[in-house]
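What follows is calculated from the coordinates using simple rules that are stated; it is not laboratory data. Just so it is clear, the structure is predicted and the values come from calculations on it, not from any experiment. Here the Cβ is made from the backbone with ideal geometry for all residues, glycine too, and neighbour counts use every protein chain on show.
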Amino acid sequence: MQLVWLRNDLRVSDNPALYAACESAQPVEVVFIATPGQWQQHNWGSNKISWVAANLKSLKQQLNQLNIPLHISSCDAFENVPQHLNELMAELGATSLLCNAEPGFNESVRDHRVQEILVNSGYSWQRFAESNLLDYDAILTGKGAPYRVFTPFLRNARRWLSSNNPQPLPAITTLPQVLGQQLDRWHSRPPYQLSWPPGELQAWRTLQAFIDSPIQQYQTARDVPSIAGTSRLSPYMAIGAISPINIYKQLQQLSHGDGETTWLNELIWREFYRYLMHHYPRLSKNLAMYPNKEPCWDNNSHWFSCWAEGKTGFPLVDAGMRELNNTGWMHNRLRMLCASFLVKDLHLDWRLGEAYFMSKLIDGDFASNNGGWQWAAGCGADAAPYFRHFSPTRQAQRFDAKAVYQQRHLPELINGYPPPMVDHKAQCQRFSARVKELSNGV
């Protein structure tokens, strides 16, 4: 029997490991292993964990329609997974384990240990490439080195897409096997209480609703947080409920207007952060791409609490943080603003914000979250320069001039609002001075 181990690829369509197993002419079963202790180490919160659980429920129904059982098991951390899988293989009568690679240093170490134990126990092991849009080892500079700047990476990525035209795998058909008993040993799932409907089919419906019309205005609408101007696909992509190749295939069928082109660029930005994680494993270890560009961070727990609770006195920043806390999601324009404010106005370590976002986001994706925070802090690849500061007042004037978004998340705004907790201009000047001292060797 072929056992397919799903991780952040909770889908049937365009799933290399599942497809290969189903083409093997052998019985196929699927397993997912929850690792609550590891998720806690990675700052996953109840929003992301409950989202995974909800999608597993939907995926189980989908797989069962194909006569494929889904077993759900649990162990505490990645270090326990190899032996846990070894025992599951014996319990289920499996002979082969198939999986798709996923980004991250800890994930890579886990997989190598799983391979070692299974092979020593006489099982076969096959790991397929990550579910990416691009081949990360094929897109390199003229000197054969990985890119660290997005624009030349984007040009090369587009050339690679044009030349290779990646295609999704054929659909999986119902297998001639009988469903048996399905294990369910993950007993501490938090209840799912957010607004995104789970499941691969819902991911496809969300994609279709976006490309039917909103994508045409995406270039300008994406920056306005009060309207539904973005795809809202990020929660599905974060758990692999839809593959980037399937998304790209649908995008190819559209006209190549400004909206479509801009959205493809944003998809490639997502790929860029995963590409960096692939080539620079240290990014998985709380290290900046350019540590020498980090100033000495302040340690002010009160200021951090004000930021986290949305009580900074800057309405647009506070609205963004309230949206995050109340819904598990935040508009990307606000993610950039709130990250910039924590780092350049409050002078607090970007890692604090990275961890807080991850603990709240339903679409928490380590590569994107880490890349976005390093970009905001000025110490990552192709990062915002230290002298670029997001003015909360100017951002509100440009993207929420009538305060529609702010009033939606700050009902108290109509009765007046507390003053700002800091002087934005003065704090940003201090931040710039600190970074300049680093470059001058002071």
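Quick look at the numbers
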| quantity | calculated |
| --- | --- |
| Cα pair distances in the range 290-442, grouped into 10 Å bins until the bin that holds the longest one, percent each | 11, 43, 35, 9, 1 |
| Separation of alpha-carbon centers, the range 124-194 and the range 50-70, rounded to whole Å | 19 Å |
| Gained length - residue 436 relative to residue 178, 0.36 nm times residue gap less alpha-carbon distance | 86.2 nm |
| Estimated dipole of the range 291-439 in Debye, rounded to 20 [Cβ of Lys and Arg +1, of Asp and Glu -1, Cα centre] | 420 debye |
| Cα lying deepest toward the dipole's positive end in the range 136-265, options 163, 259, 150, charges on Cβ | 150 |
| Estimated dipole of the range 124-203 in Debye, rounded to 20 [Cβ of Lys and Arg +1, of Asp and Glu -1, Cα centre] | 360 debye |
| Paired Rg and Dmax values of the range 380-426, which use every Cα atom, in angstrom | 13.9, 42 |
| Rounded FRET efficiency, nearest 0.05, which uses the C-beta distance separating residue 394 from residue 296 and R0 of 25 Å | 0.35 |
| Cα-based radius of gyration of the range 284-362 once divided by 2.2 N^0.38 Å, which approximates compact folds | 1.07 |
| Positive-end residue of 373, 181, 125, charge dipole of the chain with Cβ unit charges | 373 |
| Cα centre as origin, Lys/Arg/Asp/Glu Cβ charges: the range 2-131 dipole, Debye | 300 debye |
| Computed over the chain: relative contact order in percent, which uses C-alpha pairs under 8 Å that are six or more apart | 19 percent |
| Long-range Cα-Cα pairs in the chain (distance over 37 Å), rounded percent | 27 percent |
| Pairwise centroid distance, computed over Cα atoms, of the range 205-221 with the range 330-405, Å | 24 Å |
| Isotropic mean projected area of the C-alpha convex hull, the range 2-131 (nm²) | 7.3 nm² |
| Residue (of 100, 20, 272) at the positive-pole extreme of the chain, dipole from beta-carbon charges | 272 |
| Hits among lysines - C-alpha to C-alpha of residue 48 under 26 Å, sequence gap 8 or more where chains match | 57, 60, 285, 311, 360 |
